[in-house]
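A single structure is presented below for examination.
The values are calculated or read from the model by the stated rules, or taken from the named source; none is laboratory data. The model shown is predicted, which means the values in this text are computed figures rather than measured ones. Note: ideal-geometry Cβ built from the backbone for every residue, glycine included; neighbour counts use all protein chains shown.
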Amino acid sequence: MSEPLFAALLALLVILAIVAIRAGDLLVAVIVLGAYGFVMSLIWTTIGAVDVAFTEAVVGAGVSTVLFLAALLRTSRRRSPLPGKLRWVALGAVTAVGALLLAVTGALPPWGDATAAPATHVSPRYITETMAETATPNAVTSVLADYRAYDTLIETVVIFSAGLGGWLLLARRDQ
């Protein structure tokens, strides 16, 4: 992984987030959020999580952008002003969650640590035992379809429910 590329992608991600938050025109915000999802998928790719990158590209950059655009067709492109008190509550919540995430990341092992638990216990077991336990020659497929089948099923149900909910919200009522 190229560290300058990774740093540039992270900087671009922050810039896109700020532009999306500050945009007065919701169409601009939707386009920027689509770009945010695409850059996030590039970041997932640079750290080697290609399956997550694919999902981010499809859901974050693709489906969400289409649903947001469909919602914009039914509403105004201008955002309504946020009440002053709610801004401070939102800022406090974001700051608290950000501080909590930063505190928790201190307990994680360094990036690429070969002695970390996932590298010494989980990954080798999947690589060596996948054929015997699942009869699936592809390790990624065995992890997603066998070891994490319930997780994958529930993720699919959540995405389907979100799509169905969006469709129902955007459906035109003929009266």
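In region 76-98, which residues are without any contact (Cβ under 8 Å) to a residue 12 or more places away in the chain and among the hydroxyl-bearing types (Ser, Thr, Tyr)?
Selection gives Ser80, Thr95.
What's the total number of residues in region 8-47 that are of a type in the set (Val, Ile, Thr) and either under 12 Å from the mean Cα position of the chain (by Cα) or on the phi > 0 side of the Ramachandran plot (or both)?
Final tally of qualifying residues: 2.
Sticking with this structure for a sec: Would you check if Val50 is on the phi < 0 side of the Ramachandran plot, within 23 Å of the chain's Cα centre (by Cα) and not hydroxyl-bearing (Ser, Thr, Tyr)?
yes
Now, a different point. Could you tell me which residue of region 117-175 is nearest to the chain's Cα centre (by Cα), considering only residues that are in contact (Cβ under 8 Å) with a residue 60 or more places away in the chain and surrounded by 12 or more Cβ atoms within 10 Å (Cβ to Cβ)?
Ile159
Has region 1-22 got at least one residue that is under 26 Å from Leu168 (Cβ atoms) and hydroxyl-bearing (Ser, Thr, Tyr)?
no
Filtering region 111-134 down to residues that are within 30 Å of Ser2 (Cα to Cα) and touching a Pro at 6+ places or on another chain (Cβ under 8 Å), which residue is modelled with the lowest pLDDT?
Among them, the one singled out is Ala117.
Has region 110-126 got any residue that is charged (D, E, K, R) and closer than 21 Å to Arg148 by Cα?
yes
Sort through Leu91, Leu102 and tell me the only one that's exposed (fewer than 10 other Cβ atoms within 10 Å of the Cβ), outside the structural domain of Leu13 (by TED's automatic domain parsing) and part of a helix (DSSP H, G or I).
Leu102
Which numbered condition in (1) in contact with an Asp or Glu (Cβ under 7 Å, 6 or more places away or on another chain); (2) more than 28 Å from Gly60 (Cα to Cα) is the only one that Ala107 fails?
(1)
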